[in-house]
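A.B. asks: This is the structure I have questions about; it appears just below.
The values are calculated or read from the model by the stated rules, or taken from the named source; none is laboratory data. A quick note: this is a predicted structure, and the numbers were derived from the prediction, not measured. In this analysis, Cβ positions are derived from the backbone assuming ideal geometry, glycine residues included, and neighbour counts consider all displayed protein chains.
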Amino acid sequence: MKSKLVLGVIVLGTIGIVAWNSRAQSQRGARVSYEYQVIYDFSNSDQKGQEEGLKNLNQLGSQGWEVVSVTTESANYAPKIWLKRVKR
């Protein structure tokens, strides 16, 4: 009786491991595609310009865009804001 119980636990455990492994493999197979966007931050350093810039970024965020980088070429150029989101 005890050996049947141990055998049953081993069989159920093996089935659980196989099911879990196949589920993980199917999730890994799903590829995610992204789309990208670059915007230039022309807002100036005053309070109104910063508020407008944040308003624009919040609007893009609500559309699924995420800031991934900000680069500047020099002090004379507006910074570039690099965004990405899951391709729709």
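A.B. asks: Name the pairs whose Cβ atoms lie under 9 Å apart, with the first residue in the range 55-81 and modelled with pLDDT of 85 or more, the second among the aromatic types (Phe, Trp, Tyr) and exposed (fewer than 11 other Cβ atoms within 10 Å of the Cβ), and 6 or more positions between them or separate chains?
C.D. replies: Taking only residues 6 or more apart or on different chains, the pairs are PRO79/TYR40; LYS80/TYR40; ILE81/TYR40.
Condition check ((1) in contact with an Asp or Glu (Cβ under 9 Å, 6 or more places away or on another chain); (2) at pLDDT 70 or above; (3) of a type in the set (Lys, Arg)) across all residues:
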| site | (1), (2), (3) |
| --- | --- |
| LEU7 | no, no, no |
| VAL11 | no, no, no |
| VAL18 | no, no, no |
| GLN27 | no, no, no |
| TYR36 | no, yes, no |
| ILE39 | no, yes, no |
| SER45 | no, no, no |
| LYS48 | no, yes, yes |
| GLY53 | yes, yes, no |
